[in-house]
Amino acid sequence: MKILVFLFVLLVVSCQQLPIDRIDSAKEHGLFNIELHSCNKTQIGMLGCIIPKENLENYYLEIPTGLTGSYLIRSNKCNFRKEGAFSNKEIVKISYKELLANRGYAKECLYDIKIFIDNYPKSFRGLFKLTDLEDFQPIELEINSFKASTTAMLQYRTGLNPATNFVFKYEEKGLFILDGCGIHIEEDYNTKKEINFKILVPEFKKTCNFVVGMIPINAEIPPGLFSLTVNRFNQRTQMISKPRIWFKGSKFALSFEHAVSHVLINQKLYTFTCGGLISCKGNKRHKIYLEYDPNMLYEVRMFTTNGRYNLFKYKKGALVWKTNSIIY
Amino acid sequence: MENQFDNLLKIINSILDISKANPMMLGVAIFMVGIGYGWLQYKYKKWQEEQILIEQDHDREDNIDELEEENQRSNENVRDRLRRRR
């Protein structure tokens, strides 16, 4: 009898594995989704910052990892390559001094970032951009409620063609120049220039970089510069959906889609397994109950083995942060 | 197909007959099956890990050469114009 019980337990335990994600991986369908922190900004997938004039050693690119694995960061034009391993909750941190050490005369550096997590068949990908403003001034960009100064990086799923234009704003009137992705535009502007989304972001191109210049007629005003990166990803992949949240007595409850294998809430890691008596392809959501603290900011990071990721932040039961650079 | 099913039934009946005569043998048989299953699981997991490493190795080959080339051209074109002012 004891042997039978032992064998049964062995069977159940040996079947444990991470949930299967039936949605296609982000990387295979062109979606950048690594969490990036730098220049006081947080974004998922792609992030752009301006190169400071001095003290480069005080500025960093930070990549929270949450799990265990390895990373690879490369820029061919700026002669940079770094790879290494990370363990649970470690933050990969690289200074601008190191990133730009061998950039030579390059005015802009693109860093391709890959994260490989142990036991995850699919990797995660990100893109970081550092732009040298030189002596030019920042141009402002508005797309509905989205606003950015000097640099922006956005991702749109294929098939999405919002009617909203890209609106570039600068002082006075003058000449507007845009170059990138096989497109060259030179037209007059009057304090602002609107460019149709479809012109800038054709469906067939995955990632496009545009450099925008605005030269005021008034020679005393320096020209303005903007660096825009737009990526198209295939709608066959998706970001992990927002957790459902509710309160149960004094507890703060969250539930996640079945495909989620790991969740990091602040510094605590939760692992969801399946197998044995629990289906790995099911639809049953995973639940977590936390002691509720109204003064605490809950940072919820979610991973699937198929290389999908998302981050949401909650405070006082309300969503206070989600990425605004991925539109899907 | 029917033959195979009949053969399986015969094997099961034989096992049950043996176990009636000697219950210890049934326990040993189950134990051996469990060991065999555990070993298969272990081999499968090892194979899966190897596939993951192959996949991740393949992922390292992506690059952004074309993007960087285009970006450099655009920067040169626009910045030169801005410096000359017209």
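Here are the numbers for the structure shown:
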| item | result |
| --- | --- |
| Where a residue in the range A:200-212 is outside any strand (DSSP E or B) and its partner, wherever it lies, is open to solvent by less than 50 Å² (accessible area, probe 1.4 Å) and hydroxyl-bearing (Ser, Thr, Tyr), with Cβ under 6 Å and at least six apart | A:Glu203/A:Thr158 |
| Residue that is touching a Gly at 6+ places or on another chain (Cβ under 6 Å) and surrounded by fewer than 20 Cβ atoms within 10 Å (Cβ to Cβ), where the choices are A:Gln155, A:Gln137 | A:Gln137 |
| Sole residue being at pLDDT 95 or above, crowded, with 22+ Cβ neighbours inside 10 Å, part of a strand (DSSP E or B) and within 12 Å of another protein chain (Cβ to nearest Cβ), chosen from A:Phe116, A:Phe128 | A:Phe128 |
| Residue match in the range A:232-246 (condition: of a type outside the set (A, V, I, L, M), surrounded by fewer than 13 Cβ atoms within 10 Å (Cβ to Cβ) and outside any loop (DSSP other than H, G, I, E, B)) | yes |
| Subset of the range A:185-210 (residues that are surrounded by fewer than 18 Cβ atoms within 10 Å (Cβ to Cβ) and under 28 Å from the mean Cα position of the chain (by Cα)) | A:Glu194, A:Asn196, A:Phe197, A:Lys198, A:Ile199, A:Pro202, A:Glu203, A:Phe204, A:Lys205, A:Lys206 |
| Search result, residues across the range A:140-152 that are open to solvent by 30 Å² or more (accessible area, probe 1.4 Å) and in a loop (DSSP other than H, G, I, E, B) | A:Asn144, A:Ser145 |
| Single match in A:Phe233, A:Phe226 (criterion: aromatic (Phe, Trp, Tyr) and within 14 Å of chain B (Cβ to nearest Cβ)) | A:Phe226 |
| Of the criteria (1) touching a His at 6+ places or on another chain (Cβ under 8 Å); (2) buried (at least 19 other Cβ atoms within 10 Å of the Cβ), which one A:Glu62 fails | (2) |
| Selection count where residues are in a strand (DSSP E or B), within 14 Å of chain B (Cβ to nearest Cβ) and in contact with a Leu (Cβ under 9 Å, 6 or more places away or on another chain), scope the range A:57-82 | 5 |
| Subset of the range A:83-113 (residues that are among the charged types (D, E, K, R) and part of a strand (DSSP E or B)) | A:Glu83, A:Lys93, A:Glu108, A:Asp112 |
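The values are calculated or read from the model by the stated rules, or taken from the named source; none is laboratory data. The model shown is predicted, which means the values in this text are computed figures rather than measured ones. Every residue, glycine as well, gets a Cβ built from its backbone with ideal geometry; the counts of neighbours run over all protein chains shown. Remember, those area values only see protein heavy atoms, side chains included, never the ligands or the DNA or RNA. Shrake-Rupley method; radii C 1.70, N 1.55, O 1.52, S 1.80 Å.
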